[in-house]
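Encoded as structure tokens, the structure appears first; notes follow it.
The values are calculated or read from the model by the stated rules, or taken from the named source; none is laboratory data. Predicted, not measured: the structure shown is a model, and the values here were computed from it. Cβ placement follows ideal geometry from the backbone for every residue including glycine, while neighbour counts extend to all protein chains displayed.
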Amino acid sequence: MVREDAVEVSTVDGFGPPGDEVTDQGLVVGHVPCSLLPVSPPFFLVSQPPFFLVSQPPFFLISPLIRLCPEPELIARRPDATLCCVPVTFDDLLARARALAADGRRAVLGITGSPGAGKTTLAERLVRELNDTGRPWVAHVPMDGFHLADVELDRLGRRERKGAPDTFDAAGYAALLRRLHEDGDDVVYAPGFERVLEQPIAGAIPVPATARLIVTEGNYLLLDSGAWARVRPQLDEVWFCELPEPERIRRLVARHEEFGKGHEEAVAWVLGTDQRNAELVAATRGRADLVVGMGWRGFDVNSGSPVSGA
């Protein structure tokens, strides 16, 4: 519901042409260029303005209600998209995922983000909650099953960089996604990844014909180089998980320790190999359809329906 005292302008908090007016309450209604809007995640990318905002920090959308940080960062976006900031609850994500397969055709949802950002946690809960309403209709197919085996990494001399883009079978992953999207088989078997062994396991994940939504997650879904460029066209939508760096690194170190690395070895790996990969992934953020701020003001995918902070 738009307030009656709204004034249509084309700027937000000084970004845009000079001379625009706002009401005493600071409410503005306008077309907000994605390259100019100061925002802090979580937010949606949508394609059509106008949006309704309060112009003074903390920033609010009137329809729907949103709060941004008082000291937002300036985010540049795709030139063909408009940035709309909304509070992302887990219920919002469930609804958005359901909508992808609403017409009955099989859809593939990609979840990406840097190592340790919460991709698997989000994917697993999405699948669990969506399948909890009756007959299972959502399948989880992680990218990790396309790790090259250690014996092949040794042959290629890449084992010390395990987890980098060229240590995966990117072409095989894209081919599997295409096969899943085509929806022509009774069952499709996808590889899994055994974290204790740190090895891929062939044929570990059955995807039945009844699966209408496939949730796939991994670091490199939005890379546009080499065989990775074949992945994005097979995905109906891609969400980017984002977590504050200190917490992301803490979780990643803890994960490596859980699966056998000593503390010093885990820290060295996280700040070396993992960090190089994280920087590469972070550069793909602007290609996502949705950015989910996993650690933003109480968004906790593990407990109840998370509430984005107002």
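Please indicate, with yes or no, whether at least one residue in region 138-160 is at positive phi, buried (at least 20 other Cβ atoms within 10 Å of the Cβ) and in the same structural domain as GLY226 (by TED's automatic domain parsing). No, region 138-160 contains no residue that is at positive phi, buried (at least 20 other Cβ atoms within 10 Å of the Cβ) and in the same structural domain as GLY226 (by TED's automatic domain parsing). Each residue in region 198-212 was checked for being of a type outside the set (A, V, I, L, M) and under 14 Å from TYR173 (Cα atoms), and 2 of them qualify.
For region 117-137, filtered to residues that are of a type outside the set (A, V, I, L, M) and surrounded by 23 or more Cβ atoms within 10 Å (Cβ to Cβ), the residue that is modelled with the lowest pLDDT is GLY118. Looking at region 164-197, which of the residues that are over 20 Å from THR120 (Cα atoms), of a type in the set (Asp, Glu) and touching a strand residue (DSSP E or B) at 6+ places or on another chain (Cβ under 9 Å) is surrounded by the most Cβ atoms within 10 Å (Cβ to Cβ)? Per the criteria, the residue is ASP185. Within the span defined as region 214-235, one or more residues are touching a His at 6+ places or on another chain (Cβ under 6 Å) and not hydroxyl-bearing (Ser, Thr, Tyr).
Checking each residue in region 246-267 for being outside any loop (DSSP other than H, G, I, E, B) and surrounded by fewer than 15 Cβ atoms within 10 Å (Cβ to Cβ) picks out PRO246, GLU247, ARG250, ALA254, GLU257, GLU258, HIS263, GLU264, GLU265. Determine whether region 182-200 contains at least one residue that is within 18 Å of the chain's Cα centre (by Cα) and not in a helix (DSSP H, G or I). Scanning region 182-200, I find no residue that is within 18 Å of the chain's Cα centre (by Cα) and not in a helix (DSSP H, G or I), so the answer is no.
When the criteria are applied in full, LEU221 fails the requirement of being assigned to a helix (DSSP H, G or I) and either surrounded by 13 or more Cβ atoms within 10 Å (Cβ to Cβ) or at pLDDT 95 or above (or both). The set of residues in region 161-170 that are in contact with a Phe, Trp or Tyr (Cβ under 7 Å, 6 or more places away or on another chain) and either outside the structural domain of LEU94 (by TED's automatic domain parsing) or among the small types (Gly, Ala, Ser) (or both) contains only ALA170. Of all residues in region 102-149, those being in a loop (DSSP other than H, G, I, E, B), under 20 Å from the mean Cα position of the chain (by Cα) and of a type in the set (Gly, Ala, Ser) number 4.
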